[in-house]
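Q: Can you read through this structure? Questions will come right after.
The values are calculated or read from the model by the stated rules, or taken from the named source; none is laboratory data. Worth saying up front: this structure is predicted, and the values here are computed from it rather than measured. Here Cβ is always computed from backbone atoms with ideal geometry, including for glycine, and neighbour counts include all displayed protein chains. Please note that ligands, DNA and RNA were not included when accessible areas were found on the heavy atoms of the full protein model with its side chains. Shrake-Rupley method; radii C 1.70, N 1.55, O 1.52, S 1.80 Å.
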Amino acid sequence: MENQSTHLDPLFHALADPTRRAVVARLGQGPASVSDLAAPFPMGLPAFLKHITVLEEAGLIGTEKVGRVRTCTLQEDRLAAAEDWFREQREQWKSRYDQLDELLAELTKDTENDKD
Amino acid sequence: MTKTDLRYTFAADMQTNQIRMVREFAAPRSTVWACYSRPELLDRWFAPEPLTAKTAHMDFREGGHWHFSMTMPEGDTYWSRFDYQTITPESRIITLDGFSDPEGGVNPDMPRSTVDMQFEDGEVTTVTTVTQYASAEDLQAVIDMGMEAGIGSTLDRLDALLADLTSK
């Protein structure tokens with residue numbers, strides 16, 4: 001196994017905050033400027049920029065400054081790491097539980113047939 | 001009661017490094033409990049498709065452990081070990097989950113999670129499973145290991161992820 005560390009800890013920290021989750025959800029629709037992103041939130045620009053920095057350091061978003069406008073873009077790969085893992089866990093347990101359903105059906109039938 | 005009526009919820013909470021699952025089963029609690037505690041029954045359901053589970057050692061009591069393998073159709077085998085910390089018959093199992101080697105030794109480099117399973121009666125039997133990682137770093141290590149499969153992503157799944165992250 002090569003070094004596949006993806007440093008997900010900052011990712012979890014980044015997504016633990018509702019403002020940052022809202023920014024990520026908004027960027028899911030396409031790139032946006034920092035001022036547009038900040039508009040819905042009742043906080044000053046310096047406070048909002050801290051959230052942008054956390055998201056950027058976590059690798060969730062990229063930013064690019066052209067002239068006086070800084071544009072943010074969602075980095076899909078980053079999100080995919082955690083998403084894939086959780087989806088895989090959910091599917092693995094779904095598979096297990098489905099098999100358990102079948103086993104339970106069989107065991108319940110056996111009990112009904114030969115009550116002892 | 002058909003299979004589709006049986007509830008299955010899965011929620012990851014990033015703030016507490018926890019996964020919480022609730023599943024209903026159309027069988028008496030004692031039968032469900034047997035499937036969680038008897039090795040010959042665990043072997044029949046515990047490996048998700050397409051893997052197969054095989055028990056190497058089972059001592060179902062507090063302080064005992066279950067050591068088992070899960071094997072892919074091509075033959076790749078993964079070993080795990082659950083150490084039973086608390087067993088309340090037909091009601092609750094708390095285990096320390098971990099990766100192990102074929103001899104039953106726990107991999108000291110990989111974090112272990114605590115898995116708390118509670119069994120409740122009703123019209124159906126409900127099993128609530130809470131998997132708790134000690135820290136974000138622990139969860140990260142487990143995810144990094146699971147990343148080998150490395151599959152691409154699409155934004156379509158973003159909503160689902162955000163729903164997972166925010167649900168309690």
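Q: Mind listing which trypsin sites (Lys or Arg not before Pro) in region B:1-63 are in a DSSP loop and have 12 or fewer other Cβ atoms within 10 Å? List each step's numbers first, then the result.
A: Details: sites: B:Lys3, B:Arg7, B:Arg20, B:Arg23, B:Arg29, B:Arg44, B:Lys54, B:Arg61; in loops: B:Arg7, B:Arg61.
Filter output for region B:1-63: B:Arg7, B:Arg61.
Q: Taking R0 as 51 Å, what's the FRET efficiency between A:Glu102 and A:Thr71 from their Cβ-Cβ distance, rounded to 0.05?
A: Step by step, r from the Cβ atoms, then E = 0.45.
Q: Applying 1/(1 + (r/R0)^6) with R0 = 51 Å to the Cβ-Cβ distance of B:His57 and A:Ala39, what FRET efficiency is obtained, to the nearest 0.05?
A: So the FRET efficiency works out to roughly 0.25.
Q: Whenever you get a sec, line up B:His57, A:His13, B:His67 from highest to lowest accessible area (probe 1.4 Å, protein heavy atoms).
A: Ranked from most to least accessible, the order is A:His13, B:His57, B:His67.
Q: Write down the accessible area per residue of region A:9-75 in Å², having rolled a 1.4 Å probe over the full set of protein chains.
A: 52 Å²
Q: A further question on this structure: When ligands, DNA and RNA are left out and all protein chains stay put, how many square angstrom of accessible area per residue does region B:3-163 have with a 1.4 Å probe?
A: Per residue, region B:3-163 has an accessible area of 48 Å².
Q: Another question about this same structure. Assuming R0 = 35 Å, can you tell me the calculated FRET efficiency for the pair B:Asp43 and A:His13, based on Cβ-Cβ distance, to the nearest 0.05? Walk me through the intermediate numbers first.
A: On the way: r = 39 Å, r/R0 = 1.13.
The calculated FRET efficiency here is 0.35.
Q: Rounded to the nearest 100 Å², what's the accessible area chains B and A bury against each other, both chains counted, probe 1.4 Å? Mind dumping the intermediate values first?
A: Working: alone 10510 and 8740 Å², together 14600 Å².
Between B and A, the summed buried area is about 4700 Å².
Q: Let me confirm one metric for peptide A:63-73, namely the mean number of other chain beta-carbon atoms within 10 Å of its residues' beta-carbons. It would help to have the intermediate numbers written out before the result.
A: On the way: counts 0, 0, 0, 0, 0, 0, 0, 0, 0, 0, 0.
Mean shielding by partner chains, rounded to a whole number: 0.
Q: Still on this structure, please answer the following. Only residues of region B:41-70 count here: report those whose backbone N is under 11 Å from the spot 7 Å along Cα→Cβ of B:Tyr8, or say none.
A: B:49
Q: Given a 1.4 Å probe and every protein chain left where it sits, what share in percent of the accessible area of region A:9-75 is carbon and sulfur? If you can, show how the numbers build up before the last one.
A: Values: 1910 of 3470 Å².
Answer for region A:9-75: carbon and sulfur cover 55 percent of the accessible area.
Q: When only DSSP loop residues count, what GluC sites (Glu not before Pro) in region B:1-106 have their Cβ near at most 14 other Cβ atoms within 10 Å?
A: B:Glu62, B:Glu74, B:Glu103
Q: Does region B:19-81 classify as rounded, prolate or oblate by the C-alpha gyration tensor (a ≥ b ≥ c root eigenvalues; a/c under 1.5 gives rounded; else a/b over b/c gives prolate, otherwise oblate)?
A: oblate
Q: I'd like the Karplus ³J(HN,Hα) series for region A:40-51: coefficients 6.51, -1.76, 1.60, θ = phi - 60°, whole numbers in Hz, and an x wherever there's a Gly or Pro.
A: x, 9, x, 8, x, 4, x, 5, 5, 4, 4, 4
Q: Which shape class applies to region B:3-163: rounded if a/c is under 1.5, otherwise prolate when a/b exceeds b/c and oblate if not, where a ≥ b ≥ c are the square roots of the Cα gyration tensor eigenvalues? Let's see the in-between values first.
A: Numbers: a/c = 1.44, a/b = 1.09, b/c = 1.31.
Taking the square roots of the gyration eigenvalues as a ≥ b ≥ c, region B:3-163 is rounded.
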